[in-house]
2 protein chains.
Amino acid sequence: MTNRVLFQPDNVTVEVSSGDNLLSAAALAGIYIPASCGGDGVCGKCKVQLIEGTLKSKTDNSLSREELKSNIHLACTSRVESDVTIKIPENVRNDGGALKKITKNTKNISAASSPVQTRVGMLSPPVQKIFLTLPLPTISDNVSDMQRLIREIIKALPDTREVKYDHPELLRDLSLTLREKNWQITVLLLLPKHKNDAIRIIAVEPGDTTSRLYGLALDIGTTTMTGHLIDLNNGQSIDEYTAYNAQVSSGEDVISRIIYSQRSNGLKYLQEQAVKTINSIIEAICKSQIIRPSDIHYIMAAGNTVMAHLLLGLESKFIREAPYVPGISHFPLVKAASLGILAHPSVRLFLYPCVASYVGGDIVAGIHGAGIYHSEKISLYIDIGTNGEIVVGNNQWMLTAACSAGPAFEGGGIKYGMRASQGAIENFFIHEQSLEPMIVTVGNTNPRGICGSGLIAIVPELLASGIIDQRGHFTSVHDHPRIRKSADCWEYVLAWAHDTLIKEDIVITEIDIDNLIRAKGALFAGYQTLIASVGLTFKDIDQFILAGNFGSSIDLERAISIGLLPDVDRERFHYLGNGSLLGCRLSLLNHQHFLEHRRARSLMTNVELSDNAEFMNYYMAALFLPHTDKTLFPSCFAKPDK
Amino acid sequence: MTNRVLFQPDNVTVEVSSGDNLLSAAALAGIYIPASCGGDGVCGKCKVQLIEGTLKSKTDNSLSREELKSNIHLACTSRVESDVTIKIPENVRNDGGALKKITKNTKNISAASSPVQTRVGMLSPPVQKIFLTLPLPTISDNVSDMQRLIREIIKALPDTREVKYDHPELLRDLSLTLREKNWQITVLLLLPKHKNDAIRIIAVEPGDTTSRLYGLALDIGTTTMTGHLIDLNNGQSIDEYTAYNAQVSSGEDVISRIIYSQRSNGLKYLQEQAVKTINSIIEAICKSQIIRPSDIHYIMAAGNTVMAHLLLGLESKFIREAPYVPGISHFPLVKAASLGILAHPSVRLFLYPCVASYVGGDIVAGIHGAGIYHSEKISLYIDIGTNGEIVVGNNQWMLTAACSAGPAFEGGGIKYGMRASQGAIENFFIHEQSLEPMIVTVGNTNPRGICGSGLIAIVPELLASGIIDQRGHFTSVHDHPRIRKSADCWEYVLAWAHDTLIKEDIVITEIDIDNLIRAKGALFAGYQTLIASVGLTFKDIDQFILAGNFGSSIDLERAISIGLLPDVDRERFHYLGNGSLLGCRLSLLNHQHFLEHRRARSLMTNVELSDNAEFMNYYMAALFLPHTDKTLFPSCFAKPDK
């Protein structure tokens, strides 16, 4: 349920989900509230007045009896329970007024708006169940059990040219299964990869089990994996569950995983950890939905090239060494159970093919899910992470590239960097006059560190407030307790020790900022190199598609203001969300659509940036906020308030 | 090497292999020599004189110094080492003279004479090895290892539409294998079951291993299994090895095996025993040929329906119960190693499809090997065993039937019956005057019992000498120590206790003879029912093909004389030998021929005899020697000496 929050006196409205945190709502609305502890009511500064509606707040000792009577709440510990009107008290506003409104004015490309939707509307998953009553055998009709079964399947599906079956899973108990409910059975059929190939029987169950038919979409990320359960009888999404990839203990990124895989039994261990993670997702979903793992009848998965190799137990050593050759790019359709995954022994695990060592199946799934390969419009697809993967093209051609952005966007190389988990600063504002921060953390607790989206909030705010300059250097024009020079370098104190979970000051340093500039510079140079290689400019790109969990939490204006995204008409930006999961979900819903993944993949050609001279030139020019070439960022420099 | 043996004074010549036993050579020539101990020189009666040439004889104390000087040898312990002239001494001949000459005047349908041969002549096995040197990857050509491999295969085999590969066997080490000998590799390819399907990479080996490419033809019999190794680079047969099916300890025949399979873990045990037997064959062949089991690149096998089900670990219970339904008739192409067979993990085991519960893949292999499905000529294919399997038809249609002949032909239900192993009486003559026997045993040792071919030698001799009549009853006209009535019934003493390995008289009884009559009656009624069902008679059959190890040891005239085979022009009979093995061998040699097995199989329709009224009528009429209908056996009744 959606609730409207009206902030007074600035008269700004924002829509949030029922139960959302009020401080986060204010951040979303661009309303500054001093909040330096990030939540949990420690600093006691974020006092607001409830004028109308219902808030659910923690009882807090930092509020006086009078404050309680006047409906004063701490924003950081309050949840929105209805449409509410909130007044920011004068002393709290500190004359800051509403901040420049940050609008996520980007559209969401989901199944609901993509061109794919028309076809996916016709639900026709790549696995089918049919219920059959077989005629009993007689002495004049005593063909084998399998022949009888195949004969009746062909009668039921007259277009079927040929029927194959799984061995040994299917055959072992076939004779008994057919007779268990007097020749009434449900057959689970796998549609072929090629239209004219044989249909394949992958399971036979006694009686009518057609009501139980589920598919699992699975995003196999380096850090986390997400499973999404779909009822294939009606196309409904049932449940979603995310778990940390248990391989994380063997290395944070793909390179350290490859290195680990070279240890004795390292590859086996990493494969087991991947399987363990997938199983934990399946178990959690099955438990919450009261279904059995064997009711999941297809697993569509996507992951980067290294994740796919490790899951299949394949040598990944040469992915890391020039000329960066993956073992395989089109992964086999395996039986999930053969890898140790908790699944019916015949259920298939599909893994999206990869394009290159650093452009993986997750990108192909996103391109496939977004339907880019269908449209004449030229798209630039951007997935930001340790490696920024970029795809440019349309229904005729696509170029892909990976640019090593470094781990800054995932909190790596940042002094207090961390993943986007509990306590990570994910949003941030600075009061223009007081230079005091408003921090919003994951889980609305006291801060523990800074995650990628926090970094992309902090740096633009420091830049806008003049604390840092375009080179990312501290300007030293402000005399403020939060701006100081440590032994190493200049830094800004985001949260004081007593307000944090780690009981030390959480700061952002000049070195952190430099790392961010290098990361965004690599990405921007990547876009430019790829686009220029086909003689285009940003003006020729019809749509910019931002994929990845990170992409969906980026604030567009801020990202442009630091040169992470190009300064083009905002209407051309679209958030896709988790492209990997989207591709898998749509493939589960419609077999024809699924088959088209091969066309999408075949259009994609990879460009290696690592030895590309153009790329290096673009990169050097991009090591500024937003860029050395002001003409590329007209809106940033045209702003009257800058 | 072949040697000629000339027997005097009858002036009869026979050709034998060098090293063959002289008593067996006499039996083959139809020369009677008294030999009641079967060999080993115990009775000392089979004295012959060497006139010319070389015999290799055991030194024997039963010969006097004078006999040794006169070149007298015991036939039973002598082996033919050159062309020889042998004189049967007058006292030994006992005025019997040469017996009615028994000539195996039947032709051998082997690969050498069958219409199949022309095509098999073009050696093109269903697995191929090609040696490739892959171009090294570079930064501008860094497709995945698998893509590079497939690209080069398609260059080498331009007709290839699509290339698939085995997982996980192939993928796991692919990247390392390709680099092991600097991108020089040998690829093992499996040709597809359907002409236009994808070719499949089943193995990649470093370096050039094309010289090692072998196939194993495998006959999976209820009693014995035979493996035949073929060098697929030149089509040469390399080795053959036969082992008893280790399942024998769980039951002699298929029915008792099915019963055993219903025990707890019974099926698993039987499967293991089958695999153990196959492995013992592979081990023996590999040891003798100094190759590795992993050098065998395809296993083509055939067995009856029950053997195939047990090997694959499938429920066979319903094969035994009316309406006699097999679990499956077209067996999957499995990876041999997945069953536990000592083989390269990707090597396939093909099992010929069966027609019905009691017409198995061994019969289909025989029909396929003999090329019957190619010819307009109408053939009657007969495989005699516990179940006689019969096929009649041509390139347009085929009918099959199984008639339960009972175990008589395999020594079952016969008082001294045994399998055709060491000491089994396999050939037999009676001296017309003395009524004394000449027995030839397997291994030329003292007798231990009677095997099927012995039985088919003994009964015609007893009939021809008037000891039994057409109903199989002892006539009692002879007063002879060997003809006597025991507690149960009449019997003829084949060997006295002191001449046997078991130290008791070995006899054939009236009950034994009755069992044989029922067995041959069932077979003959089977031929008649099948032929009559399509409105034909024996006259319309162009060729009679005798398959099976037993078939090849039958003496044609004797088999006709007791009504086991029809009394038609002898030129129409052909011995095929082990049809099961023949089919497998030819399939290994030529993939196009192999693919035709499906057409052969699809022409075959089974007729159930068990509830067929016609069959019962024919059966009752056939319970005579040779038959109640004399017009069916004109040559038997036209004989002047009967």
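Taken as a whole, the condition of being among the acidic types (Asp, Glu) and away from chain A (no Cβ under 12 Å) applies to B:Glu205. Per the conditions (1) at positive phi; (2) modelled with pLDDT under 95; (3) surrounded by 22 or more Cβ atoms within 10 Å (Cβ to Cβ), the sole criterion not satisfied by A:Gly563 is (2). Residues in the range A:148-168 that are within 9 Å of chain B (Cβ to nearest Cβ), over 19 Å from B:His194 (Cα atoms) and not in a loop (DSSP other than H, G, I, E, B): A:Arg148 only. For the range B:330-364, the candidate set comprises residues that are within 12 Å of chain A (Cβ to nearest Cβ) and aliphatic (A, V, I, L, M); within that set, the residue that is nearest to the chain's Cα centre (by Cα) is B:Val359. Return a yes/no flag: does the range A:203-210 have any residue that is of a type in the set (A, V, I, L, M), free of Cβ contacts under 8 Å to residues at least 60 places away in the same chain and in a loop (DSSP other than H, G, I, E, B). For the range A:203-210, residues of a type in the set (A, V, I, L, M), free of Cβ contacts under 8 Å to residues at least 60 places away in the same chain and in a loop (DSSP other than H, G, I, E, B): absent.
Conditions tested, residue by residue: (1) surrounded by fewer than 17 Cβ atoms within 10 Å (Cβ to Cβ); (2) outside any helix (DSSP H, G or I); (3) among the β-branched types (Val, Ile, Thr).
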{"residue": "A:Thr177", "(1), (2), (3)": "no, no, yes"}
{"residue": "A:Met225", "(1), (2), (3)": "no, yes, no"}
{"residue": "A:Asn234", "(1), (2), (3)": "yes, yes, no"}
{"residue": "A:Thr277", "(1), (2), (3)": "no, no, yes"}
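Scanning the range A:58-110 for residues that are surrounded by fewer than 18 Cβ atoms within 10 Å (Cβ to Cβ), modelled with pLDDT of 85 or more and in a strand (DSSP E or B) yields a single hit, A:Thr85. If you go through the range B:181-202 and keep only what is assigned to a loop (DSSP other than H, G, I, E, B), of a type in the set (A, V, I, L, M) and over 15 Å from B:Phe350 (Cα atoms), you end up with just B:Ala198.
A single entry from A:Ser453, A:Ser434, A:Ser346 fulfils the requirement of being outside any helix (DSSP H, G or I) and at pLDDT below 90: A:Ser434. Quick check on the range B:476-498: of everything there that is in contact (Cβ under 8 Å) with a residue 60 or more places away in the chain and within 30 Å of the chain's Cα centre (by Cα), which residue is farthest from B:Ile456 (Cα to Cα)? It comes out as B:Ala495. Restricting attention to the range B:365-377, and to residues there that are of a type in the set (A, V, I, L, M, F, W, C) and out of contact with any Cys (no Cβ under 8 Å at 6 or more places or on another chain), which single residue is farthest from the other protein chains (Cβ to nearest Cβ)? Residue satisfying both the conditions and the ranking: B:Ala370.
For the range A:323-335, state whether one or more residues are closer than 25 Å to A:Lys520 by Cβ and either of a type in the set (A, V, I, L, M, F, W, C) or touching a residue at least 60 places away in the same chain (Cβ under 8 Å) (or both). Before the answer, list the steps.
We begin by selecting, within the range A:323-335, every residue closer than 25 Å to A:Lys520 by Cβ; these are A:324.
From what's left, either of a type in the set (A, V, I, L, M, F, W, C) or touching a residue at least 60 places away in the same chain (Cβ under 8 Å) (or both): A:324.
Looking through the range A:323-335, at least one residue is closer than 25 Å to A:Lys520 by Cβ and either of a type in the set (A, V, I, L, M, F, W, C) or touching a residue at least 60 places away in the same chain (Cβ under 8 Å) (or both).
Take the range B:132-147 and flag every residue that is surrounded by fewer than 15 Cβ atoms within 10 Å (Cβ to Cβ), assigned to a strand (DSSP E or B) and either of a type outside the set (Ser, Thr, Tyr) or within 9 Å of another protein chain (Cβ to nearest Cβ) (or both). It would help to see each step written out before you state the result.
Step one: filter the range B:132-147 for residues surrounded by fewer than 15 Cβ atoms within 10 Å (Cβ to Cβ), giving B:133, B:135-136, B:138-141.
Those still in the list that are assigned to a strand (DSSP E or B) too: B:133, B:138, B:141.
Those that are surrounded by fewer than 15 Cβ atoms within 10 Å (Cβ to Cβ), assigned to a strand (DSSP E or B) and either of a type outside the set (Ser, Thr, Tyr) or within 9 Å of another protein chain (Cβ to nearest Cβ) (or both): B:Thr138, B:Asp141.
Of the residues in the range B:417-424, at least one is in contact with a Cys (Cβ under 7 Å, 6 or more places away or on another chain), in a strand (DSSP E or B) and at pLDDT 90 or above.
Which one is surrounded by the most Cβ atoms within 10 Å (Cβ to Cβ), of the residues in the range B:588-625 that are touching a Leu at 6+ places or on another chain (Cβ under 8 Å) and outside any helix (DSSP H, G or I)?
First, the residues of the range B:588-625 that are touching a Leu at 6+ places or on another chain (Cβ under 8 Å): B:588-591, B:593-594, B:604-607, B:615, B:625.
Those still in the list that are outside any helix (DSSP H, G or I) too: B:590, B:604-607, B:625.
Values: B:Asn590: 20, B:Met604: 21, B:Thr605: 13, B:Asn606: 21, B:Val607: 19, B:Leu625: 26.
Among those residues, the one meeting the criterion is B:Leu625.
Checking each residue in the range B:314-329 for being surrounded by fewer than 19 Cβ atoms within 10 Å (Cβ to Cβ), more than 7 Å from chain A (Cβ to nearest Cβ) and in a loop (DSSP other than H, G, I, E, B) picks out only B:Glu321.
Restricting the search to the range B:568-587, which residues are hydrophobic (A, V, I, L, M, F, W, C), in a helix (DSSP H, G or I) and touching a helix residue (DSSP H, G or I) at 6+ places or on another chain (Cβ under 7 Å)?
Narrowing the range B:568-587 to residues hydrophobic (A, V, I, L, M, F, W, C): B:568, B:573, B:576, B:581-582, B:584, B:586.
Among the residues that remain, those that are also in a helix (DSSP H, G or I) are: B:581-582, B:584, B:586.
B:Leu582, B:Cys584, B:Leu586, listed by residue number.
Considering the conditions (1) surrounded by 24 or more Cβ atoms within 10 Å (Cβ to Cβ); (2) at pLDDT 95 or above, A:Leu536 is excluded by exactly one of them, (1).
Residues in the range A:241-263 that are touching a Gly at 6+ places or on another chain (Cβ under 9 Å), polar (S, T, N, Q) and surrounded by fewer than 19 Cβ atoms within 10 Å (Cβ to Cβ): A:Thr242, A:Ser250.
Residue check: B:Glu180 meets all listed conditions (1) at pLDDT 95 or above; (2) more than 14 Å from chain A (Cβ to nearest Cβ) but one, namely (2). Quick one: is A:Ser486 over 21 Å from A:Tyr32 (Cβ atoms) and in contact with a Lys or Arg (Cβ under 9 Å, 6 or more places away or on another chain)? Here the answer is no, as A:Ser486 does not meet what is asked.
Mind counting the residues in the range A:499-517 that are in contact (Cβ under 8 Å) with a residue 24 or more places away in the chain and surrounded by fewer than 17 Cβ atoms within 10 Å (Cβ to Cβ)?
Residues that pass the stated criteria total 2.
The values are calculated or read from the model by the stated rules, or taken from the named source; none is laboratory data. Keep in mind that this is a model prediction, so the values were computed, not measured. Backbone-built Cβ (ideal geometry, glycine too); neighbour counts: all protein chains shown.
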